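Let me begin by presenting the structure, written as structure tokens, before commenting on it.
The values are calculated or read from the model by the stated rules, or taken from the named source; none is laboratory data. Predicted model, so just to flag it, every value in this text is computed and none were measured. Neighbour counts run over all protein chains shown; Cβ positions are idealised from the backbone, glycine included. Quick note on the areas: whole protein, heavy atoms, side chains included, nothing else; ligands and nucleic acids left out. Shrake-Rupley method; radii C 1.70, N 1.55, O 1.52, S 1.80 Å.
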Amino acid sequence: MHAVAFGQNGEKLPAAGLGCMGMSGGYGPADDRESIATIHAALDAGLRLIDTGDFYAMGHNEMLIREALKDISRDKVQISVKFGALRGPAG
């Protein structure tokens, strides 16, 4: 998989990553077990960048990612968190 330099230290990461918005109901109902299995499959396929946002289901996404990565070595994964966005009552 093609790799690119990421961040100030220039660490090489695969050009593809896994976006997790849909894992917390961003596009409709989501299943935690299926989402965790998807994160594991992505890592098994060589992806290392997990992308989330603090506004994805009011923190559910981070808790889900924590559960998925609890037995994974920290140096195997980079997590990108978008922050500061607000959602209104209608989502």
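Things worth noting here:
- When the test is whether a residue is over 15 Å from Ser80 (Cα atoms) and of a type in the set (Lys, Arg), Arg48 does not pass it.
- Total residues in the stretch 78-91 satisfying the condition of being under 20 Å from Asn9 (Cβ atoms) and either without any contact (Cβ under 8 Å) to a residue 40 or more places away in the chain or open to solvent by 60 Å² or more (accessible area, probe 1.4 Å) (or both): the figure is 2.
- Given (1) within 13 Å of Val77 (Cα to Cα); (2) open to solvent by less than 60 Å² (accessible area, probe 1.4 Å), number of the condition Lys12 does not satisfy: (2)
- Inter-residue pairs, beta-carbon under 7 Å, first open to solvent by 100 Å² or more (accessible area, probe 1.4 Å) and in the stretch 57-77, second part of a loop (DSSP other than H, G, I, E, B) and among the charged types (D, E, K, R), 6+ apart: Lys76/Arg48
- Among the conditions (1) of a type in the set (Gly, Ala, Ser); (2) farther than 12 Å from Ser80 by Cβ; (3) open to solvent by 20 Å² or more (accessible area, probe 1.4 Å), the only one that Gly19 does not satisfy is (2).
- For the stretch 1-51, the candidate set comprises residues that are among the small types (Gly, Ala, Ser) and in a strand (DSSP E or B); within that set, the residue that is modelled with the lowest pLDDT is Gly26.
- Entry remark, the stretch 1-21: residues being in contact with a helix residue (DSSP H, G or I) (Cβ under 6 Å, 6 or more places away or on another chain) and small (Gly, Ala, Ser) number 0 in total.
- Taken together, the criteria exclude Asp32 from residues that are surrounded by 10 or more Cβ atoms within 10 Å (Cβ to Cβ) and in contact with a Cys (Cβ under 8 Å, 6 or more places away or on another chain).
Results for (1) hydrophobic (A, V, I, L, M, F, W, C); (2) more than 10 Å from the chain's Cα centre (by Cα); (3) farther than 25 Å from Gly7 by Cβ, shown as yes or no for each residue.
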residue: Ala45; (1), (2), (3): yes, yes, no
residue: Ala57; (1), (2), (3): yes, yes, yes
residue: His60; (1), (2), (3): no, yes, yes
residue: Leu64; (1), (2), (3): yes, no, no
